[in-house]
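So the structure is just underneath, and the comments pick up after that.
Values quoted throughout were computed directly from the atomic coordinates according to the rules given, and no laboratory measurement underlies them. No experiment lies behind these values; they were computed from the predicted model shown. Quick reminder, even Gly has a Cβ in these numbers, built from the backbone with ideal geometry, and neighbours come from all protein chains shown.
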């Protein structure tokens, strides 16, 4: 007897709502921006007449546009709306916690639009504005609200994950990189430099002079404010998007100056030292910093070796009277920099 097996029909259409939810959950593992992108995909797939989507998040008394799609939305990337604006659709939805249809579209040229708040038990998370230049989408409002509401929990999850990642990377008091994050980044930079001829990397090791006295006499609250100001000064002396600044723990800081030759790194460290010395910390007394500098490839070819040398140079500055910059020499000794 011969048996014939029929071909199974594997073609089936997944429910759009379920497909959108799957996409939201997948996007949450990437970022909050990816969740907004998944919302846009779900809306446009379901309603082809929708040609614009903006996402606003609350920032104090304003709603800030953080995501936009559609050619007409390009100039609205920095759009900010006051939450108490009585006539703005985004503000109305944010205040009332309910969809807001508009006869006066947010973007000139839209025929119709709806602002949909994303709210969980902690409050307002975002407002999604969906609009069409060619069609009246009011009849689809309930379904649009449902699509957006389904994304709220994945969006909150994405935000929580981003906060967790940020807290692992950045020091809670100063906002600078944590010691572990800094060392990881430093190690990665050394690995890249080892395969690129002519790479320059310099590291500063910074100690806040007499900081214990500040804590002991003025209190830890004042000490924290001093450390925050030290971090602010360090940021001001870092090249944006190039240098990496970190709090090493306690009153110590580090900075990795990328693409900076050793002599220039020493000069920049001296400028930072002078800035600390002349800064008014609001405590009735001046403060200073002792700094050590080491550079790749002259002083070492590993991150651990360079940090150890920079730390040794910093202690040389302290032993030499504080409030100065020292650097590693090829002999393994240290020298104080003087102009």
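Please arrange 220, 187 by how many other C-beta atoms lie within 10 Å of their C-beta, fewest to most. Display every interim value, and only then the final one.
On the way: 220 10, 187 13.
With the sparsest Cβ surroundings first, the list reads 220, 187.
When DSSP assigns beta bridges and you keep just the ones with both residues in the chain, what percent turn out antiparallel, to the nearest 5?
If I count the DSSP bridges inside the chain, around 95 percent turn out antiparallel.
Once each part is reduced to its C-alpha centroid, what is the distance from the range 223-256 to the range 168-185 in angstrom?
Centre-to-centre distance over Cα atoms comes out at 10 Å.
Just how far, in whole angstrom, is the range 26-74 from the range 138-154 if you go by their alpha carbon centroids?
When both Cα centres are located, 13 Å separates them.
Mean residue ellipticity at 222 nm from the helices of the chain, using -39,500 (n - 2.57) per DSSP H segment of n ≥ 4 over the full residue count, to the nearest 500 deg cm²/dmol? All intermediate terms of the calculation are to be shown ahead of the outcome.
Numbers: 10 runs with 139 residues, N = 339.
The per-residue figure over the chain is -13000 deg cm²/dmol.
Please determine, in degrees from 0 to 90 and to the nearest 10, the orientation of helix 220-236 with respect to the longest principal axis defined by the Cα atoms of the chain, where the helix direction is its Cα long axis.
Approximately 80 degrees, to the nearest ten.
Compute the length gained on full extension between residue 194 and residue 18: take 0.36 nm times their separation in residues and subtract their Cα-Cα distance, giving the result in nm to one decimal. Please list the in-between numbers first.
Working: separation 176, 0.36 × 176 = 63.36 nm, distance 4.88 nm.
Using 0.36 nm per residue and subtracting the Cα-Cα distance, I get 58.5 nm.
Could you check the simple spin-label distance between residue 146 and residue 96, using points 7 Å along Cα→Cβ, in nm with one decimal?
2.2 nm
What translational diffusion coefficient, to the nearest whole µm²/s, does the range 170-336 have by Stokes-Einstein, given a Kirkwood radius computed over alpha-carbon pairs, a temperature of 25 °C and 0.890 mPa s viscosity?
The estimated diffusion coefficient comes to 155 µm²/s.
For the chain, just the Cα set please: Rg and Dmax, both in angstrom.
27.9, 102
For the range 16-166, place one equal point scatterer on every Cα, skip the solvent, and apply the Debye formula. What is log10 of I(q)/I(0) at q = 0.08, 0.11, 0.17 Å⁻¹?
-0.19, -0.37, -0.92
Compare 41, 213, 229 in a GNM of the chain, Cα atoms joined below 10 Å, and give the one with the largest fluctuation.
Looking only at 41, 213, 229, the largest GNM fluctuation is found for 213.
Could you tell me how many degrees, from 0 to 90 and to the nearest 10, lie between the Cα long axis of helix 152-169 and the main elongation axis, the longest principal axis, of the Cα atoms of the chain?
10 degrees
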